[in-house]
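Colleague: Pasting a structure below so you can have a look.
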Amino acid sequence: MDTGLKIKVFNFNMIQVNTLVLYDGTKEAVIVDPGMGSLYEQAALTDFVKDNSLTIKYIINTHPHIDHVLGNGYCVSTFKAPLLMHEAGLGIYTRSMAYGAAFGLSCEKSDFPDPDQYIKEGDVIQFGNQALQVLYTPGHADGSVCLYVPASNCVIVGDVLFADSIGRSDLPTGNHALLIENIQTKLMTLPDTTVVYPGHGPTTTIGSEKRDNPFLRI
Ligand SMILES: [Zn+2]
């Protein structure tokens, strides 16, 4: 059996969020940041899960911005898996309907079910043969977490870090100094070869962001 971690990246909704499905040869899987904004996108995700005979163990939000949580209700009701997020993000999450309206997204209250479990720094989320280490990295938004997978040399960072850029800190609960501090202490300390999966745009590596990211030059 192939025990290595596989990551399928979908690009969903008008804000172009990266929705990830993490899975391995055990067929257990987690969904990170379900951002489906249409029936078509819901079907694309569900077809992938079915075609690969996956069992969804958890649904995880890296942070509660509307583009990352839009498909929460669909995933929870379709896959009957617990929804995980950091407790500090609840304030933003409970205002999802208002943020959705502001972005012109069609959504309803049932799209945003209450989380089943809170995750925090140091937690390890296990499924199949995988272990995701939770790093707490606020600065882009309250409740932002990254998921580090040392065995597979990768990290899922939500909107904390992007290829050649960093997350916005001008939205409610953003804090630029805190964002930079968390990137420097929690992410730039990972091995240079670590593959970075951002919430938007292409993958990168810690090493290339150390070298080229203009926001991280001191
Ligand atoms: Zn965000």
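A short reminder: the numbers here are calculations on the coordinates, not readings from a lab. Just so it is clear, the model here is predicted, and its values are computed rather than measured. Cβ atoms come from the backbone with ideal geometry, glycine included; neighbour counts cover every protein chain shown.
Colleague: Could you list 26, 204 so that the one with the fewest beta carbons within 10 Å of its beta carbon is first and the one with the most is last?
Modeller: On the way: 26 16, 204 21.
Fewest-to-most ranking of 26, 204: 26, 204.
Colleague: If we count other beta carbons within 10 Å of each Cβ, what is the order of 75, 107, fewest first?
Modeller: On the way: 75 24, 107 20.
Ordered by Cβ neighbours within 10 Å, fewest first: 107, 75.
Colleague: Could I ask something else about it? List the residues, sorted by chain then number, that are 5 or more residues from residue 62 or on another chain and whose placed amide H is less than 5 Å from its amide H.
Modeller: Amide H to amide H, under 5 Å and 5 or more residues apart or across chains, residue 62 pairs with 33.
Colleague: Would you look at the GNM of the chain, springs on alpha carbons closer than 10 Å, and say which of 118, 58, 93 moves the most?
Modeller: Highest fluctuation of the listed residues: 118.
Colleague: Okay, moving on. Quickly work out the residue 50-to-residue 6 label distance, labels modelled 7 Å from Cα along the C-beta direction, and quote it in nm with one decimal.
Modeller: Modelled inter-label distance: 1.8 nm.
Colleague: Which of 133, 117, 42 ends up with the largest GNM mean-square fluctuation for the chain, with Cα atoms connected below 10 Å?
Modeller: Its mean-square fluctuation being the largest, the pick is 117.
Colleague: Students often get this wrong, so check it: of 109/186; 6/210; 8/210, which have C-alpha atoms separated by over 32 Å? Before the final figure, lay out the partial values.
Modeller: Numbers: 109/186 34 Å; 6/210 25 Å; 8/210 25 Å.
From 109/186; 6/210; 8/210, over 32 Å: 109/186.
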